[in-house]
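Please read the structure below before turning to the comments.
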Amino acid sequence: LFVKGRELYGLFQARHANRKLDYLVVVEGYMDVVALAQFGISNAVATLGTAATGDHVERLFQSTGRVVFCFDGDKAGRQAAGRALENALPHLRDGRSVGFVFLPEGEDPDTLVRSEGPDEFDALVRDAQPLSDVLFQRLTQDIDLSTMEGRAKLYRDARPLLDELPPGAFR
């Protein structure tokens, strides 16, 4: 059966085009996958109009050890990144990594690859921010860490997210 929250547009084609997938790039729309493929980037997939779910993340990690989420630089892109981050936490373990690319305001993968070329897009993906950096930035965004109250708030906010990590080194 077709379940929207489990399917990834372009995953079959990415597996078929790449003997070994060093990483997969998850973009927001299927038209971004099509545009990237037109420019020779064959390891892009998209969720089908939904936020990245835990099922999506697990399917991605069945194909590769590195997943890079690429989002538009607007508010909606940041919110989508937050959901992807939260849904990725329970699936992290040794040998798996998650990165994030935030495109400039008004850009999406389609427009970026058309204006800057595939090499520029690849460079952005290679320099993706690690999940840990994005998590820390998100948690400390409105917190003054120089105060005891700020550090207590950080602990309170971080604890539920860290509890989502599987037991082991990541936790």
Which of (1) 2, 10, 20, 24, 23, 14, 6, 1, 0; (2) 1, 8, 17, 21, 20, 14, 9, 5, 3, 1, 0; (3) 1, 8, 11, 10, 9, 7, 7, 6, 6, 5, 5, 5, 4, 4, 3, 2, 2, 1, 0, 0, 0, 0, 0 gives P(r) over Cα pairs in 5 Å bins from 0, in percent as computed here? It is (2)
Given Cβ charges of +1 for Lys and Arg and -1 for Asp and Glu, the option among 170, 132, 158 whose Cα lies farthest towards the positive end of the dipole of the chain is 170
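Out of the DSSP beta bridges found with both residues in the stretch 24-171, what percent are antiparallel (nearest 5)? Display every interim value, and only then the final one.
Numbers: 2 of 14 bridges.
About 15 percent, rounded to the nearest 5.
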SASA check, residue 9, accessible area w/ 1.4 Å probe, all protein chains in place, rounded to nearest 10 Å², comes out at 90 Å²
Share of accessible surface on carbon and sulfur in the chain, whole %, 1.4 Å probe and ligands ignored, is 51 percent
Given unit charges at Cβ for Lys, Arg (+) and Asp, Glu (-), the dipole magnitude of the stretch 17-59 about its Cα centre in debye, nearest 20, is 200 debye
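Let me know the charge dipole size of the stretch 113-171 about its Cα centre in debye, to the nearest 20, where only the beta-carbon of Lys, Arg (+1) and Asp, Glu (-1) is charged. Don't skip to the answer; put the middle values down first.
Details: 8 positive and 12 negative charges, 77 e Å.
Dipole size: approximately 360 debye.
Sorting check: for 135-141, 88-94, which peptide has the highest mean count of neighbouring beta carbons within 10 Å, and how do the rest follow?
On the way: 135-141: 14.4, 88-94: 18.1.
Sorting 135-141, 88-94 by mean packing, highest first, produces 88-94, 135-141.
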The alpha-carbon center of the stretch 149-171 and that of the stretch 1-61 are separated, in whole Å, by 29 Å
The answer for trypsin sites (Lys or Arg not before Pro) in the stretch 1-64 that fall in a DSSP coil and have at most 13 neighbouring Cβ atoms within 10 Å is 4, 19, 20
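Can you give the charge dipole size of the chain about its Cα centre, rounded to the nearest 20 debye, using +1 on the beta carbon of Lys and Arg and -1 on the beta carbon of Asp and Glu? Before the final figure, lay out each step's value.
Details: 20 positive and 26 negative charges, 162 e Å.
The dipole of the chain has a size of about 780 debye.
Quick check for you: with a 1.4 Å probe and neighbouring chains kept, what is the accessible area per residue of the chain, in Å²? Could you put the intermediate results ahead of the total?
Numbers: 9570 Å² over 171 residues.
Counting only protein heavy atoms, the per-residue value for the chain is 56 Å².
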Filtered hits (aspartates and glutamates, Cα-Cα < 12 Å from residue 153, offset >= 8 within chain) -> 142, 144
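The values are calculated or read from the model by the stated rules, or taken from the named source; none is laboratory data. Being a predicted model, the structure only gives us computed values, none of them experimental. All Cβ positions, even for glycine, are placed from backbone atoms using ideal geometry, and neighbour counts span all protein chains on display. Surface accessibility is based on the protein's heavy atoms, side chains included, excluding ligands, DNA and RNA. Shrake-Rupley method; radii C 1.70, N 1.55, O 1.52, S 1.80 Å.
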